[in-house]
Amino acid sequence: MKEKKWEFKPGETKCHDCGKLFEKGEELSVYDLGNKGVFYKCDKCYQANRQLANFQKTEVYSRIVGYIRPVDQWNVGKAQEYKDRLEFVCDGK
């Protein structure tokens, strides 16, 4: 398990333990577990317990060519298309 300090844009991610959204310029601890995912802790939670526990990888499903499939099973090209997708919010008016 690799630990390091990192900075993120506001609202980009939240603390693994307390769920707090990180604010601009705030330091946090990053746990990069490779294919198991990347997890983050705020300094308060990191000082209370440096060990990362109680985590599991979330399986993400999305529609591809008419089928709903786990994203991690897509081919390289379709996986890149998924990463390039943009989300639009309609106000319903």
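The values are calculated or read from the model by the stated rules, or taken from the named source; none is laboratory data. These figures come from a predicted structure and were not determined experimentally. No Cβ is skipped: glycine too gets one built from the backbone with ideal geometry, and neighbour counts run over all protein chains shown.
Of the residues VAL60, VAL30, VAL71, only one is closer than 16 Å to THR13 by Cβ, free of Cβ contacts under 8 Å to residues at least 40 places away in the same chain and in contact with a helix residue (DSSP H, G or I) (Cβ under 8 Å, 6 or more places away or on another chain); which?
Being closer than 16 Å to THR13 by Cβ, free of Cβ contacts under 8 Å to residues at least 40 places away in the same chain and in contact with a helix residue (DSSP H, G or I) (Cβ under 8 Å, 6 or more places away or on another chain) holds for just one of VAL60, VAL30, VAL71, which is VAL60.
Looking at this structure, is VAL71 within 18 Å of GLY19 (Cβ to Cβ), surrounded by 10 or more Cβ atoms within 10 Å (Cβ to Cβ) and out of contact with any His (no Cβ under 9 Å at 6 or more places or on another chain)?
For VAL71, the condition - within 18 Å of GLY19 (Cβ to Cβ), surrounded by 10 or more Cβ atoms within 10 Å (Cβ to Cβ) and out of contact with any His (no Cβ under 9 Å at 6 or more places or on another chain) - is not met.
Count, please, the residues in segment 49-68 that happen to be modelled with pLDDT under 85, surrounded by 11 or more Cβ atoms within 10 Å (Cβ to Cβ) and of a type outside the set (A, V, I, L, M).
The total comes to 1.
Quickly run through segment 16-40 and pick out the residues that are among the hydrophobic types (A, V, I, L, M, F, W, C), at pLDDT 85 or above and under 24 Å from VAL71 (Cβ atoms).
LEU21
Identify the residue in segment 43-73 that is among the polar types (S, T, N, Q) and within 23 Å of TYR31 (Cβ to Cβ) and, among all such residues, is nearest to the chain's Cα centre (by Cα).
Applying the filter and picking the extreme gives THR58.
Which one of the conditions (1) assigned to a loop (DSSP other than H, G, I, E, B); (2) surrounded by 13 or more Cβ atoms within 10 Å (Cβ to Cβ); (3) of a type in the set (A, V, I, L, M, F, W, C); (4) in contact with a Cys (Cβ under 9 Å, 6 or more places away or on another chain) does LEU28 fail to meet, given that it meets all the rest?
Condition not satisfied by LEU28: (1).
Just checking, how many residues over segment 74-91 are exposed (fewer than 10 other Cβ atoms within 10 Å of the Cβ), under 21 Å from the mean Cα position of the chain (by Cα) and at pLDDT below 90?
6
Tell me which of these TYR46 doesn't satisfy, since it passes every other one: (1) hydroxyl-bearing (Ser, Thr, Tyr); (2) under 24 Å from ASP84 (Cα atoms); (3) in contact with a strand residue (DSSP E or B) (Cβ under 6 Å, 6 or more places away or on another chain); (4) at pLDDT 85 or above.
Among (1) hydroxyl-bearing (Ser, Thr, Tyr); (2) under 24 Å from ASP84 (Cα atoms); (3) in contact with a strand residue (DSSP E or B) (Cβ under 6 Å, 6 or more places away or on another chain); (4) at pLDDT 85 or above, the lone unmet condition for TYR46 is (2).
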